[in-house]
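The values are calculated or read from the model by the stated rules, or taken from the named source; none is laboratory data. Computed from a predicted model, the values in this text were never measured in an experiment. Please note: Cβ atoms are built from the backbone with ideal geometry, for glycine as well, and neighbour counts cover all protein chains shown. Heads up: the accessible areas ignore ligands, DNA and RNA and are worked out on the full protein's heavy atoms, side chains in. Shrake-Rupley method; radii C 1.70, N 1.55, O 1.52, S 1.80 Å.
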Amino acid sequence: MRLSLTLAALAVTTAAFSAQARDTLIHGGPIYVEAEKPPVAALVIRDGKVGFVGGLSKAKAFARNPANIDLKGAAAYPGLVDAHAHLMGIGFRELTLNLEGSVSIVELQSRLKGWNQAHPGADPLSGRGWIETHWPEHRFPSRQDLDAVVSERPVVLTRSDGHALVANSAMLKLAGITRDTVAPSGGQILKDADGEPTGMLIDNAKALVTKKIAEPSRAQQKEAAKLATALYAARGWTGMHSVSVAAEDVTILREMAKAGTLPIRVDNYLDLQAADEVLTKGPTREGLLRVNGIKLYMDGALGSRGAALLAPYSDAPGDGLVLTPPDVIAAALARAKKSHAQVAIHAIGDRGNRMALDLFEKAFPGDPSGLAASRWRIEHAQIISPEDLPRFAKLGVIASMQPSHAIGDLFFAPSRLGPDRIKEGYAWRDLWTSGAHMAAGTDAPVEKGDPLIEFYAATYRHDLKGFAGPDWGLDETLTRPQALAMLTKGSAYAAFHEDELGDLKVGKAADISVFSVDLMKAPFADIPKAHAVMTIVAGKVVYRAK
């Protein structure tokens, strides 16, 4: 009896060892170990890490009882990581009225009408994703536009950048907004020639209506997290830096991580209101999930004229908005410095970027190396005064940028900024040449959230139809290795992951993105038309195209 038990135990142990010891051999297409180096023919994954890179014959000799992955001509890269996205926003984009791609107010009205008919009820109707810069009407939508198709039910439709919304008359009434309502600090209530609200609310004024909308249920939040992470794996991302995160979002992601259902790595930067724990105890990690630090807002967005500028807008009165008082930011920075929490601050306008750099520098008086070691980040860094641009490299501040913003914003940015100041915008090559640390992301759901579009925008700087205007700044494009580095090494460095992620050197985590085209050689026009073939995280295939 004892012998049979011993043999059974031995059999179980041997089986477990065999399963654990089985490697994965990847071959059949170019495998880029590092952004700056030529590809290799084969890679072996062992215990979730890169065990071997090199020639196929040597890889076969190295691999133990390998599972075989034939790329069949597809190209593999170090795992691409979105350095700036809003995870829950991506999920809820899939669960609510998605207005992406609306080509006019008429189409927005049609989509709103159809969604309302398909989802009847009395609760406020929410949607997101419209952007007016390409519309034939050449204006923001108004409450009257929404009233024409949905008048009895409150409606709130958020602009793609998340910094403005339009509400119908029923929603304004529910929120108690009238011609006499005063906008909160850092916000605007747009009004018509008669002094009546148009329905457009900018930045901090959005809360006047959003606070009247019921919070999503926990079941809806869990579904949003599931949809967002699955979608990102299917697009070839192996991770994301999720910003403006609520405490409950982290709780849901923590449950997914413990259950083994979180397919990608998620680094979290919490809203200030939810950040007490990380500002007290510092960053934490649980498997694929990390809580890194905090996300703050310096200014608004360029499209809704909320970006804080050093001089007034060229196409309208005003010089933008400061969303968070500098003393509030300074207090948060002091706490973050003490707890070693990382800081990511939204700054788009040249005044916003200067204010952020000034506050960062003041937080480390006489200690620039301390600031650099903290790896504090400016998110977007879109419009930078020439005298401030070298400060990123000098101070060690990371420029976390979104290439796709340039191929969309530059339809309207020249009119917002004028011919001279537009040259300050989206200055990827200037920042790279200066020696600044750079990371690339998408800002999804503001943008689609596709790594192929980001790579295309960074290297080609034309819109998706191949158009580039006279103010497009084509001299600011990056080389293909530089663009890939921003999406891999840059994202890794920006979250203190460079010892584990960013390339496919032996010993690094086996996070691998596989696409249907070779990004380093394919014609530019073919890149955004391609697709993810496979996504591997910590050696596990989390997505495979059918």
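Data table
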| read-out | value |
| --- | --- |
| Of the criteria (1) over 30 Å from Ala308 (Cβ atoms); (2) surrounded by 22 or more Cβ atoms within 10 Å (Cβ to Cβ), which one Leu95 fails | (2) |
| Scope segment 378-425; condition of a type in the set (Gly, Ala, Ser) and closer than 20 Å to Tyr313 by Cα; matching residues | Ala381, Ser385, Ala406, Gly408, Ala413, Ser415, Gly418, Gly425 |
| Close pairs from segment 228-250: first more than 14 Å from Leu272 (Cα to Cα) and open to solvent by 20 Å² or more (accessible area, probe 1.4 Å), partner of a type in the set (Ser, Thr, Tyr) and not in a helix (DSSP H, G or I), Cβ under 7 Å, at least 6 apart | Ala234/Tyr543 |
| Residue within segment 73-81 that is touching a residue at least 24 places away in the same chain (Cβ under 8 Å) and within 30 Å of Trp130 (Cα to Cα) present | yes |
| In segment 101-134, the residues that are open to solvent by 50 Å² or more (accessible area, probe 1.4 Å), touching a residue at least 40 places away in the same chain (Cβ under 8 Å) and closer than 24 Å to Ala214 by Cβ | Asp123, Arg128 |
| Candidates Leu487, Leu478, filtered to the one that is open to solvent by less than 50 Å² (accessible area, probe 1.4 Å), more than 23 Å from Ala41 (Cα to Cα) and touching a helix residue (DSSP H, G or I) at 6+ places or on another chain (Cβ under 8 Å) | Leu478 |
| Long-range neighbours under 6 Å by Cβ, at least six apart or interchain, first residue among the basic types (Lys, Arg) within segment 22-33, second crowded, with 20+ Cβ neighbours inside 10 Å and not in a strand (DSSP E or B) | none |
| Verdict on Lys60 being more than 30 Å from Leu165 (Cα to Cα), open to solvent by 70 Å² or more (accessible area, probe 1.4 Å) and out of contact with any Gly (no Cβ under 6 Å at 6 or more places or on another chain) | yes |
| Residue in segment 138-152 that is surrounded by the fewest Cβ atoms within 10 Å (Cβ to Cβ), counting only those that are in contact with a helix residue (DSSP H, G or I) (Cβ under 6 Å, 6 or more places away or on another chain) and either touching a residue at least 40 places away in the same chain (Cβ under 8 Å) or not β-branched (Val, Ile, Thr) (or both) | Asp147 |
| Residue within segment 388-398 that is in a strand (DSSP E or B), touching a residue at least 40 places away in the same chain (Cβ under 8 Å) and open to solvent by less than 30 Å² (accessible area, probe 1.4 Å) present | yes |
| Leu359 being within 22 Å of Thr280 (Cα to Cα), out of contact with any Gly (no Cβ under 9 Å at 6 or more places or on another chain) and either open to solvent by 20 Å² or more (accessible area, probe 1.4 Å) or not basic (Lys, Arg) (or both) | yes |
| Unmet requirement for Gly114, which otherwise passes all of (1) over 30 Å from Gly48 (Cβ atoms); (2) among the small types (Gly, Ala, Ser); (3) within 27 Å of the chain's Cα centre (by Cα) | (3) |
| Any hit, segment 261-278, residues being without any contact (Cβ under 8 Å) to a residue 60 or more places away in the chain, of a type in the set (A, V, I, L, M), open to solvent by less than 30 Å² (accessible area, probe 1.4 Å) and in contact with a strand residue (DSSP E or B) (Cβ under 6 Å, 6 or more places away or on another chain) | yes |
| Where a residue in segment 468-481 is closer than 28 Å to Glu34 by Cα and its partner, wherever it lies, is at pLDDT below 95 and not small (Gly, Ala, Ser), with Cβ under 6 Å and at least six apart | Pro481/Glu36 |
| Test: residue in segment 522-529 that is more than 25 Å from Asp70 (Cβ to Cβ) and open to solvent by less than 40 Å² (accessible area, probe 1.4 Å) | yes |
| Residue within segment 80-92 that is among the small types (Gly, Ala, Ser), open to solvent by 10 Å² or more (accessible area, probe 1.4 Å), closer than 30 Å to Gln402 by Cβ and outside any strand (DSSP E or B) present | yes |
| Segment 482-511, residues that are of a type outside the set (Gly, Ala, Ser) and farther than 21 Å from Met534 by Cα | Gln482, Tyr493, Phe496, His497, Glu498, Asp499 |
| Failed item in (1) on the phi > 0 side of the Ramachandran plot; (2) touching a Ser or Thr at 6+ places or on another chain (Cβ under 9 Å); (3) in a strand (DSSP E or B), with Asn65 passing the rest | (3) |
| Counted residues, segment 462-494 - those being farther than 24 Å from His437 by Cα and touching a Lys or Arg at 6+ places or on another chain (Cβ under 8 Å) | 1 |
| Any pair with Cβ under 7 angstrom, 6 or more apart, that starts in segment 167-183 at a residue that is touching a residue at least 12 places away in the same chain (Cβ under 8 Å) and open to solvent by less than 70 Å² (accessible area, probe 1.4 Å) and ends at one that is of a type in the set (A, V, I, L, M, F, W, C) and assigned to a helix (DSSP H, G or I) | Ala167/Val209; Asn168/Leu146; Met171/Val209; Ala175/Leu208; Ala175/Val209; Ile177/Leu208; Ala183/Ala205 |
| Residue check, Ala334 open to solvent by less than 40 Å² (accessible area, probe 1.4 Å) and not polar (S, T, N, Q) | no |
